[in-house]
Amino acid sequence: MNDQPSPRMPVAELQAFVTSIFMAAGLGEDDARTMAGSLVAADLRGTHSHGVIRLPFLVDRLLQGGANRQPDIRVVNEAPGTALLDGDRALGALTATRAMELAIEKAATQGIGFVTARNSDFIGTCAHYAMMALPRNMIGIAWTNGFPGMAPWGGRSNTIGNNPIAFAAPSLSHGPIVLDMALSVAAGGRIRLAAKNGEKIPNDWLVDSKGQPTDDPQALAAGGALLPLGYKGYGLAVFGEILCGVLTGSRILSEIPAWFKDTDSAIGNGHLHIAIDIARFVEPEAFKLRIDGMVSLLKATPLMPEVREILLPGERAWRTQQQQEKDGIPVPLPVAADLQALARRLGVKAPFSAFYSFL
């Protein structure tokens, strides 16, 4: 593993590069910007497992036919406060962005918007969509099902998705409160990132193909299974299948192929997006002020030994975002090498040579 610090790229430069890659792979400019924004936003908040490291897989989905390069994302069923979208095999971030935008539009007139999507794909970080509600003084929720990479509670093979969910709420001065969590002990992307970087993992994150605990992240790609976040994580994953899959008429469980492996196959998963207009319940500034008070009370809790401070959900990511907006986003050498190879393949100029002269 390379212990040297990763050079940092300006956010706008990385966004422009990823946009150009998606356009070279066949997306229109607006869709390419949306896709790039979803990946760069993940890196910006420090969720590098769902950032530009995923770009080669997503491009392969476009080039090999698993995802539609010119999708017709459309409403197939609608009421004042609800809607069902068909993603037409679009890359998931495109469908999820449209679904969250529609949920916000409906919440503005109805107080709440509940929008689901089917015939979709991997959507990346759920927080990205939940946080879209914040500038409108709304609470956002996003949830998706996906490839069954996790074992059910008590099981030792991968038969259910880790079905991540995110909640986002605004505060007045403490930054947004954002909970974004997989329902496994650790997200699959985090384990794949460890594998990419040559790192070991805790042996309670994963079992290998024989059902044995392992600290080798490579075991996931070799048929291993993520372990659930206890029986509660497993129970939530079941409801993720119900609300995102069964309710939307999408694929569930083993019907969903591995988006990062079967790049020529349609994924067909589903997701849901909820926006709640705070003003329908309490004045937004009063809501934010009370959130600040709640944060202060929680941070005043006496600390356990060796604990430096109480953190709120999403607080570390918010600090990372503020820092990286100024200092740039780190791009490790293995990731930069993959992106450089992808850029050459598509005939796109990559910016990495300014940082890695030997790429």
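Can you sort Asp215, Asp338 from fewest to most other Cβ atoms within 10 Å of each residue's own Cβ?
Exposure proxy ranking, most exposed first: Asp215, Asp338.
Along the range 140-149 the Karplus relation, 6.51 cos²θ - 1.76 cosθ + 1.60 evaluated at θ = phi - 60°, assigns HN-Hα couplings of x, 9, 9, 8, 9, 9, x, 3, x, x Hz to successive residues, with x for each Gly and Pro. Applying Stokes-Einstein at 25 °C and 0.890 mPa s to the Kirkwood radius of the range 221-297, computed over alpha-carbon pairs, gives a translational diffusion coefficient of 152 µm² s⁻¹. Remark: the chain carries a charge dipole of roughly 200 debye about the Cα centre, counting +1 on each Lys and Arg Cβ and -1 on each Asp and Glu Cβ.
When Leu27, Leu297 are sorted by how many other C-beta atoms sit within 10 angstrom of their C-beta, beginning with the fewest, the order is Leu297, Leu27. In the chain, the DSSP-assigned H stretches of four residues or longer account for a calculated mean residue ellipticity at 222 nm of -11000 deg cm²/dmol, using -39500 (n - 2.57) per stretch and the full residue count as denominator. Under the rule a/c < 1.5 gives rounded, and otherwise a/b versus b/c splits prolate from oblate, where does the range 213-359 land using the Cα gyration tensor? Note, shape of the range 213-359 comes out oblate.
Given a 10 angstrom Cα cut-off, can you work out which residue in Ala117, Ala93, Ala16 is the most mobile in a GNM of the chain? Answer for the Gaussian network model of the chain: Ala16.
Looking at the chain alone, DSSP beta bridges between its own residues are antiparallel in about 85 percent of cases.
P(r) tail for the range 1-62: Cα pairs beyond 20 Å make up 25% of the total. A simple rule links phi to the HN-Hα coupling: the Karplus curve 6.51 cos²θ - 1.76 cosθ + 1.60 with θ = phi - 60°, which for the range 196-201 gives 4, 8, x, 9, 7, 10 Hz, with x for Gly and Pro.
Taking every alpha-carbon pair in the range 162-292 and binning the separations at 5 Å intervals from zero gives 2, 9, 14, 16, 17, 14, 12, 8, 6, 3, 0 percent.
I need the peptides 344-350, 305-311, 32-38 ranked by packing, meaning the mean over residues of other C-beta atoms within 10 angstrom, with the highest value on top.
32-38, 344-350, 305-311
The calculated pair-distance distribution of the range 119-221 uses every alpha carbon pair, bins of 5 angstrom beginning at 0, and gives 2, 13, 19, 18, 16, 13, 10, 6, 3, 0 percent. Shown in residue order for the range 159-176 are the 3J(HN,Hα) couplings computed by the Karplus curve 6.51 cos²θ - 1.76 cosθ + 1.60 at θ = phi - 60°: 10, 9, x, 7, 5, x, 9, 9, 10, 9, 9, x, 10, 8, 9, 9, x, x Hz (x for Gly and Pro). By other beta-carbon atoms within 10 Å, ranking Ser265, Ser250, Ser20 with the fewest at the front produces Ser265, Ser20, Ser250.
Provide the gained length on full extension for the span Phe281 to Leu297, in nm with one decimal, where the gain is 0.36 nm per separating residue minus the Cα-Cα distance. Intermediate results must be reported in sequence, preceding the final value.
Numbers: separation 16, 0.36 × 16 = 5.76 nm, distance 2.29 nm.
Gain on extension, Phe281 to Leu297, equals 3.5 nm.
Cα-based values for the chain, radius of gyration first and Dmax second, are 20.1, 58 Å. A run of the chain free of exposed loop cleavage sites, with chymotrypsin sites (Phe, Trp or Tyr not before Pro) counted only in DSSP states other than H, G, I, E and B and at most 12 other beta carbons within 10 Å, reaches its longest extent at 1-280.
Classify the range 267-318 as rounded, prolate or oblate, taking a ≥ b ≥ c as the square roots of the eigenvalues of its Cα gyration tensor: rounded when a/c is under 1.5, otherwise prolate if a/b is larger than b/c and oblate if not. Oblate, because a/c is 1.5 or more while a/b does not exceed b/c.
Once Rh for the range 300-348 is found with the Kirkwood sum over Cα pairs, what is the Stokes-Einstein diffusion coefficient at 10 °C and 1.306 mPa s, in µm²/s?
The estimated diffusion coefficient comes to 111 µm²/s.
What length, rounded to one decimal in nm, is gained on full extension from Thr159 through to Lys200, with 0.36 nm per residue of separation minus their alpha-carbon distance?
12.3 nm
Working note: Cα gyration tensor of the range 21-105, eigenvalues times five, square-rooted, sorted largest first, giving semi-axes of 23, 17, 10 Å.
In this structure, the amide hydrogen of Asn162, modeled 1.01 Å from its nitrogen in the peptide plane, lies closer than 5 angstrom to those of Gly149, Met150, counting only residues at least 5 positions away or on a different chain. Could you give the Stokes-Einstein D for the range 44-171 in µm² per second, using the C-alpha Kirkwood radius, 25 °C, 0.890 mPa s? Rounded, D is 156 µm²/s. Top mean-square fluctuation among Asp86, Asp204, Asp31, Gaussian network model of the chain, C-alpha springs under 10 Å? The residue with the greatest mean-square fluctuation here is Asp204. Taking amide H as placed 1.01 Å from N in the peptide plane, Phe122 has its amide H under 5 Å from the amide H of Gly92, each at least 5 places away in sequence or on another chain.
We did not get these values from a lab; they are worked out from the coordinates using the rules stated. This structure is a prediction, so every number in the text was calculated from the model and none was measured. Virtual Cβ from ideal backbone geometry, glycine too; neighbours counted across all protein chains shown.
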